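The values are calculated or read from the model by the stated rules, or taken from the named source; none is laboratory data. Quantities reported herein were computed from a predicted structural model and do not represent experimental measurements. Cβ: placed from backbone, ideal geometry, glycine included. Neighbour counts: every protein chain shown.
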Amino acid sequence: MLQGRDIDRAQDYNRRPLGTGPYRVVEWKAGEYIQLERVPHYWRGDQYPRIRRLLFTFIQNTNTRINQLKSG
């Protein structure tokens, strides 16, 4: 997949990296969010990880970030 390629320019790979962790990248919208989903049949057992989905939202404005943290 990466043989003979510059990893810094392999955007198709960098946006959907392979790994052994409990989550996989489902969707990555640049500058907005990254959505992760738990990996089925994770090596620790099917009950792990307990959280099914994670959404990391990128918020540029510092005041907006603080207000969202305060509001839960």
Evaluate the stretch 44-52: report whether one residue or more is under 13 Å from the mean Cα position of the chain (by Cα), aliphatic (A, V, I, L, M) and either modelled with pLDDT under 90 or in a loop (DSSP other than H, G, I, E, B) (or both).
no
Counting only residues that are modelled with pLDDT of 90 or more and not in a loop (DSSP other than H, G, I, E, B), which one in the stretch 1-24 is surrounded by the most Cβ atoms within 10 Å (Cβ to Cβ)?
Y23
